[in-house]
1. Cβ under 15 Å from residue 157's Cβ, residue 157 left aside: what net charge do those residues give with Lys, Arg +1 and Asp, Glu -1?
2. Determine Rg/Rh for the stretch 146-213; Rg is computed over alpha-carbon atoms and Rh is the Kirkwood hydrodynamic estimate from the same atoms.
3. So what J values fall out for the stretch 14-31 if you push phi through Karplus, 6.51 cos²θ - 1.76 cosθ + 1.60 with θ = phi - 60°, rounded to Hz, Gly and Pro as x?
4. Just checking my list (i) 39; (ii) 44; (iii) 52 against percent of Cα pairs over 27 Å apart computed from this structure; which label fits?
5. Net charge within 15 Å of residue 27 by Cβ-Cβ distance, Lys/Arg positive one each and Asp/Glu negative one each, not counting residue 27 itself?
6. Charges on Cβ only, +1 for Lys and Arg, -1 for Asp and Glu, centred on the Cα centroid of the chain; of 152, 243, 130, which one is farthest towards the dipole's positive end?
7. If you wrap a convex hull around the C-alpha atoms of the stretch 1-108 and split its volume per residue, what is the figure in Å³?
8. Find the centroid of the Cα atoms in the stretch 159-215 and in the stretch 77-134, then give the distance between the two in whole Å.
Amino acid sequence: MSFQAGPVLGLAVLALLYARAVRVLGRRGYHVPGAQQVYWWVGWVFLVAAFLSPLDTWAQEALSAHMAQHVLMADIAVPLLLIGIRNPMLQFFLPRSILVPLAHRRRLRAAFRSLRRPMVAIPVYTVVLYAWHLGPAFTAALENNFVHALQHQSFIAFSALVWWPLIEPNHRRLPAELWKIPYIVGVRLPTMFLGMAFVVAQTPFYASFYGSGTRGGGLSAISDQQLGGAIMMVVDIVTLMVVLIVVFWRAALADAADAPVGEAGAQRELAGVEQEPQVHSGAQVAEVRQ
């Protein structure tokens with residue numbers, strides 16, 4: 001594993017900015033929930049693992065390790081970081097001297113607002129994902145450090161844009177909206193198809209760099225490629241399951257909170273009537289309690 005100044009500096013800046021925001025909010029009387037901070041730091045650790053662990057070296061020897069690295073940074077770390085930066089952390093994450101000039105750039109704000117719209121985020125993310133996995137682009141990233149860094153940063157940035165409508169970090173709590181279910185399906189299907197292509201292909205991809213013989217870990221070229229595709233598909237399936245559970249759970253809580261005050265009491269009364277052991281013939285008297 002070689003020392004990389006760029007990732008080290010970027011990760012250090014992220015950590016310092018988050019710690020600073022927590023401290024600033026604490027001085028203003030707001031304590032950032034511990035669970036929220038855990039989400040952030042776990043996501044940050046995953047980024048560290050993707051960039052600075054032996055995985056980065058293995059990615060040069062095996063395609064499966066490279067796919068695991070991309071999944072770790074873009075599909076696992078990014079959503080955890082967005083949960084951890086949920087408001088009011090989002091408003092205080094950048095220093096005022098940086099945030100105010102950015103906020104005054106109308107074109108930048110308009111572009112950001114457009115790119116994180118659901119109907120825009122999915123196709124843009126898909127184009128970026130597939131473009132980088134084309135042979136010439138992927139090989140160029142493997143052979144050139146600058147292009148490789150650009151590839152990783154684009155994966156992280158566009159993953160954040162596509163996760164933004166789902167997590168909505170500009171809200172303190174995750175809004176419970178059922179449209180997010182088909183949205184996450186639309187997000188994960190392209191990556192599942194890409195992973196499936198790695199699994200079913202009988203010709204090794206990127207053989208000009210990785211070769212067509214035995215690779216790291218003693219895997220054949222095809223086995224290495226299939227393992228990389230399987231990693232992508234497993235992460236997609238697990239992500240879908242987790243999001244489905246969370247969205248349905250949040251929607252159920254929101255529905256219960258929005259129910260009229262008397263509705264819960266009425267349901268209990270009806271349940272009590274249905275559980276009566278005997279119903280005498282004749283007129284039934286129903287008491288309606290105001």
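1. 0
2. 1.13
3. 4, 5, 5, 4, 5, 4, 5, 5, 4, 5, 4, 5, x, 5, 8, x, 10, 9
4. (iii)
5. +4
6. Looking along the dipole axis, the top candidate is 152.
7. In the stretch 1-108, the Cα hull volume divided by residue count equals 121 Å³.
8. With the stretch 159-215 and the stretch 77-134 each reduced to a Cα centre, they are spaced 17 Å.
Laboratory data are not the source of any read-out in this text; all were calculated from the coordinates shown. Only a predicted model underlies this, so the values are computations on that prediction, with no experimental measurement involved. Cβ: placed from backbone, ideal geometry, glycine included. Neighbour counts: every protein chain shown.
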